[in-house]
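*Asks:* Quick one: the structure is below, questions incoming.
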Amino acid sequence: MEDLERVVDQARQKGPVVLAGHSLGASLASLFALYRGDKLDGLVLLDGAPRLLAVGPQAYLEGAQGPFGRLPGLNDLLSGRAPPYVAAFGLGPAALAQAEAQAFMTALDPGADAPPGWVAFRSSRLAATLYRVDERYALFPAFAVSAGQAVAREGLSLFGLALGRLAYTIRGPRGGRVEWWDTGEATDPLEFVQLYATPTTGFSEWFFPYRLALDIAAFEAAMPGLRPRRLPYPVLALGAGRGLLPRDEDFANAGAFFPETPFEVRVLPDLTHLDLLTNRYGAAIQPIANYLARLPLGPAEADTTTRGESNFLYRPPNHPKQTQAPQQRSD
């Protein structure tokens, strides 16, 4: 909270601050609004809420049994018995560093053959890279994008069925190698791999911070001074139709954190959790622009032309154009 407060204080020197957070970042932004909400001029939650998972005081210290095994507690972290990051679901530092290297090589030459070891079948670099992150094949859709489909022989994933999820697996190529088909879904496949590895946002330097997630889940124990409060500005909450919060009522608990605070809730259909950030059509931009236009952000509030709906020119297409599929189609 203190680190975020320093960032907000620095930003306030240049103008009003509207804090936006995605996923766990939405939980963190919400807690900051409880902590120092008077330093903000708006709050935007992107497919996240003040607390997606509640952990009691005892489980916070000693850990608890979860659906996929034991969840470490604070004592486990402080004693070194558990790593400070989430290693499951491909979120560990080693897996993310490998994914970044693959994305970087793919961005350089998407059509080249994938090197040995990337996948168990002959494939283009683009197909091998997106196979691990596309929603059609992902076991955990919260960490996936919708970027197209492989041109390959497919089958149902037995692991997916065991988890109660309909997911597919690639059994091999139809012909020479597995290719990737851009079906016009929310995320542009080439743009995604190009954004995955950049000089300023290296995924190899990022990991899912378990201590932060634990503190947020049990914030009453970790930060006992935080209390529900009314915010002097409305809150915008955007859910993803195929994400973590696909229904308006999924944001209902946020009202308990910010009583008597106006909430504008919108669910953007046909988007995954990550599509909110990577969507090629900018579906989240217009609602955010309209929200900002309605906030009294400094001198602009005297200009009636800036109030109400934004004049932002983005207009998403009604029917995204699909690219032509290669001749070898998957089933």
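*Asks:* Within the stretch 153-168, how many residues are over 19 Å from residue 181 (Cβ atoms), open to solvent by 70 Å² or more (accessible area, probe 1.4 Å) and in contact with a strand residue (DSSP E or B) (Cβ under 9 Å, 6 or more places away or on another chain)?
*Replies:* 4
*Asks:* Sticking with this one: Would you mind finding the one in 33, 49, 11, 112 that is surrounded by fewer than 16 Cβ atoms within 10 Å (Cβ to Cβ) and touching a residue at least 12 places away in the same chain (Cβ under 8 Å)? Lay out the reasoning, then the answer.
*Replies:* Details: 33 fails: surrounded by fewer than 16 Cβ atoms within 10 Å (Cβ to Cβ); 49 fails: surrounded by fewer than 16 Cβ atoms within 10 Å (Cβ to Cβ); 11 fails: touching a residue at least 12 places away in the same chain (Cβ under 8 Å).
After ruling out the rest, the residue left standing is 112.
*Asks:* Mind checking which pairs have a first residue in the stretch 165-192 that is at positive phi and a second that is part of a strand (DSSP E or B) and surrounded by 20 or more Cβ atoms within 10 Å (Cβ to Cβ), Cβ under 9 Å, 6 or more apart or different chains?
*Replies:* 172/178; 175/151
*Asks:* Checking residue 156 against (1) touching a helix residue (DSSP H, G or I) at 6+ places or on another chain (Cβ under 7 Å); (2) free of Cβ contacts under 8 Å to residues at least 24 places away in the same chain: exactly one of these is not met. Which one?
*Replies:* It fails just one condition, (1).
*Asks:* Output the residues belonging to the stretch 215-265 that are over 26 Å from residue 16 (Cβ atoms), in contact with a strand residue (DSSP E or B) (Cβ under 8 Å, 6 or more places away or on another chain) and hydrophobic (A, V, I, L, M, F, W, C).
*Replies:* Hits for the stretch 215-265 are 240, 245.
*Asks:* A follow-up question, please. Within the stretch 189-196, is even one residue at pLDDT 90 or above, in contact with a helix residue (DSSP H, G or I) (Cβ under 7 Å, 6 or more places away or on another chain) and more than 30 Å from residue 110 (Cβ to Cβ)?
*Replies:* no
*Asks:* Tell me the residue from 40, 19, 28 that is out of contact with any Pro (no Cβ under 6 Å at 6 or more places or on another chain), open to solvent by less than 40 Å² (accessible area, probe 1.4 Å) and touching a residue at least 60 places away in the same chain (Cβ under 8 Å), please. Walk me through how you get there before you give the answer.
*Replies:* Values: 19 fails: touching a residue at least 60 places away in the same chain (Cβ under 8 Å); 28 fails: open to solvent by less than 40 Å² (accessible area, probe 1.4 Å).
Answer to the selection: 40.
*Asks:* When the residues of the stretch 77-109 are filtered to those that are surrounded by 14 or more Cβ atoms within 10 Å (Cβ to Cβ), touching a Pro at 6+ places or on another chain (Cβ under 9 Å) and without any contact (Cβ under 8 Å) to a residue 24 or more places away in the chain, which remaining residue is farthest from residue 189 (Cα to Cα)?
*Replies:* 87
*Asks:* Which condition from (1) more than 30 Å from residue 77 (Cβ to Cβ); (2) at pLDDT below 95; (3) open to solvent by less than 10 Å² (accessible area, probe 1.4 Å) is the one that residue 218 breaks?
*Replies:* (1)
*Asks:* Can you list residue pairs whose Cβ atoms sit under 6 Å apart, with the first residue in the stretch 218-242 being under 14 Å from residue 32 (Cα atoms) and the second being part of a strand (DSSP E or B) and modelled with pLDDT of 90 or more? Count only pairs 6 or more apart in sequence or on different chains.
*Replies:* From the stretch 218-242, the pairs are 235/43; 235/263.
Every residue, every condition in (1) closer than 25 Å to residue 277 by Cβ; (2) out of contact with any Phe, Trp or Tyr (no Cβ under 7 Å at 6 or more places or on another chain); (3) of a type in the set (Asp, Glu); (4) part of a strand (DSSP E or B), yes or no:
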site	(1), (2), (3), (4)
16	yes, yes, no, no
27	yes, yes, no, no
38	no, yes, yes, no
48	yes, yes, no, no
70	no, yes, no, yes
81	no, yes, no, no
101	yes, yes, no, no
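*Asks:* Exactly one of these conditions fails for residue 69: (1) closer than 30 Å to residue 287 by Cβ; (2) open to solvent by less than 30 Å² (accessible area, probe 1.4 Å). Give me its number.
*Replies:* (1)
*Asks:* Filter the stretch 120-152 down to residues that are hydroxyl-bearing (Ser, Thr, Tyr) and either assigned to a loop (DSSP other than H, G, I, E, B) or farther than 11 Å from residue 177 by Cα (or both) and give me whichever is most open to solvent (accessible area, probe 1.4 Å). Write out each step before concluding.
*Replies:* Within the stretch 120-152, the first condition is being hydroxyl-bearing (Ser, Thr, Tyr), and the residues that meet it are 123-124, 129, 131, 137, 146.
Going one step further and asking which of them are either assigned to a loop (DSSP other than H, G, I, E, B) or farther than 11 Å from residue 177 by Cα (or both), we end up with 129, 131, 137, 146.
Numbers: 129: 10, 131: 52, 137: 17, 146: 2 Å².
Checked the stretch 120-152; the qualifying residue most open to solvent (accessible area, probe 1.4 Å) is 131.
*Asks:* Hey, residue 43 hits all of (1) part of a strand (DSSP E or B); (2) within 30 Å of residue 164 (Cα to Cα) but one; which does it fall short on?
*Replies:* All conditions pass for residue 43, except number (2).
The values are calculated or read from the model by the stated rules, or taken from the named source; none is laboratory data. Note that the coordinates shown come from a computational prediction; the quantities given were computed from them, not determined experimentally. Counting neighbours? That spans all protein chains shown, and the Cβs are built from the backbone with ideal geometry, glycine included. These area figures cover heavy atoms from the full protein model, side chains too; ligands, DNA and RNA do not enter into them. Shrake-Rupley method; radii C 1.70, N 1.55, O 1.52, S 1.80 Å.
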